[in-house]
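The values are calculated or read from the model by the stated rules, or taken from the named source; none is laboratory data. Treat the numbers as computed from the prediction; the structure is a model and nothing was measured. Cβ: placed from backbone, ideal geometry, glycine included. Neighbour counts: every protein chain shown. Quick note on the areas: whole protein, heavy atoms, side chains included, nothing else; ligands and nucleic acids left out. Shrake-Rupley method; radii C 1.70, N 1.55, O 1.52, S 1.80 Å.
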Amino acid sequence: QIMADVMTFEEKRGPIKGQKLCWTGDGNNVSHSFIEAAALFNFSLTLACPETLDPSPRFMNWAKEHGGDVQIERDVEKAVSGSDCVIADTWFSMGDSSSTREGRHNHLAPYQVTARLMGEANDGAIFLHCLPAHRGEEATAEVMDGPQSAIFDEAENRLHVQKSIVRWCLGVI
């Protein structure tokens, strides 16, 4: 997923090195991969997460040890400010119970990506979401369908990246 996101960013904005990206929402497996990518690809990553859903300290420590510019910011507007890309992921994973869903929704609602929040990002900033998305939860339909959204290019790029990874694994490249 992250390779497709890097590809999409570079397709839309140019080299990712030195850019500022912002993750909003749950500190989940996808955010963990973004934390690693920030160190490996030399971009700045700010994670806007509620404290109850922070990414694993193991990944934060790994990034620090590898020179990654990664920080957590509780104020989502401050986190998004000056970003070149805003990223969200689903708030609920398969298998989450309904009781878990309600509690997570309450914690994550302030981190919803809205048009107003995207206005805090740099001009030309893009919005990414690995899909599937729950419209009106992690991002509004206005953002997902808006001019800054690159979610469908991102989904297409996932196919191209996966084909390349398979070729690499088979020694074809």
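Within the stretch 41-55, residues that are on the phi > 0 side of the Ramachandran plot sit with their Cβ atoms under 9 Å from residues that are surrounded by fewer than 17 Cβ atoms within 10 Å (Cβ to Cβ) and assigned to a loop (DSSP other than H, G, I, E, B), at 6+ positions apart or across chains, in these pairs: Asn42/Lys17; Asn42/Gly18; Asn42/Gly67. If you go through the stretch 94-119 and keep only what is outside any helix (DSSP H, G or I) and either modelled with pLDDT under 95 or open to solvent by 70 Å² or more (accessible area, probe 1.4 Å) (or both), you end up with Met94, Gly95, Asp96, Ser97.
State whether the residues of the stretch 77-93 include one that is assigned to a loop (DSSP other than H, G, I, E, B) and either more than 23 Å from Ser149 (Cα to Cα) or of a type in the set (Val, Ile, Thr) (or both). Walk me through how you get there before you give the answer.
As a first pass, look at the stretch 77-93 and keep what is assigned to a loop (DSSP other than H, G, I, E, B): 81-84, 89-93.
Now restrict to residues that are either more than 23 Å from Ser149 (Cα to Cα) or of a type in the set (Val, Ile, Thr) (or both): 90.
Looking for residues that are assigned to a loop (DSSP other than H, G, I, E, B) and either more than 23 Å from Ser149 (Cα to Cα) or of a type in the set (Val, Ile, Thr) (or both), one finds at least one in the stretch 77-93, hence yes.
Criterion first (open to solvent by 40 Å² or more (accessible area, probe 1.4 Å), under 23 Å from Gly136 (Cβ atoms) and either touching a Pro at 6+ places or on another chain (Cβ under 7 Å) or in contact (Cβ under 8 Å) with a residue 40 or more places away in the chain (or both)) does Thr24 satisfy it? Spell out the reasoning first.
On the way: open to solvent by 40 Å² or more (accessible area, probe 1.4 Å): no; under 23 Å from Gly136 (Cβ atoms): yes; either touching a Pro at 6+ places or on another chain (Cβ under 7 Å) or in contact (Cβ under 8 Å) with a residue 40 or more places away in the chain (or both): yes.
Taking the combined requirement at face value, the residue does not satisfy it.
For the stretch 27-40, a residue qualifies if it is under 16 Å from Glu154 (Cα atoms) and in contact (Cβ under 8 Å) with a residue 60 or more places away in the chain, and exactly one does: Val30. Screening the candidates His134, His160 for the property of being open to solvent by 50 Å² or more (accessible area, probe 1.4 Å), modelled with pLDDT under 95 and out of contact with any Lys or Arg (no Cβ under 7 Å at 6 or more places or on another chain) yields one hit, His134. May I ask you to verify whether Lys12 is touching a residue at least 60 places away in the same chain (Cβ under 8 Å), open to solvent by 70 Å² or more (accessible area, probe 1.4 Å) and within 18 Å of Met118 (Cα to Cα)? Here the answer is yes, as Lys12 does meet what is asked.
Within the stretch 34-59, the set of residues being closer than 26 Å to Gly119 by Cα and either open to solvent by 60 Å² or more (accessible area, probe 1.4 Å) or part of a helix (DSSP H, G or I) (or both) comprises Phe34, Ile35, Ala37, Ala38, Phe41, Asn42, Glu51, Leu53.
Count, please, the residues in the stretch 139-154 that happen to be free of Cβ contacts under 8 Å to residues at least 40 places away in the same chain and surrounded by fewer than 18 Cβ atoms within 10 Å (Cβ to Cβ). Of the residues in that region, 6 qualify.
The residues on offer are Asp84, Asp69, Asp75, and the sole one that is surrounded by fewer than 13 Cβ atoms within 10 Å (Cβ to Cβ), at pLDDT 95 or above and not polar (S, T, N, Q) is Asp75. On inspection, Lys17 passes the criterion of being more than 21 Å from Ala139 (Cα to Cα), surrounded by fewer than 22 Cβ atoms within 10 Å (Cβ to Cβ), touching a helix residue (DSSP H, G or I) at 6+ places or on another chain (Cβ under 9 Å) and basic (Lys, Arg).
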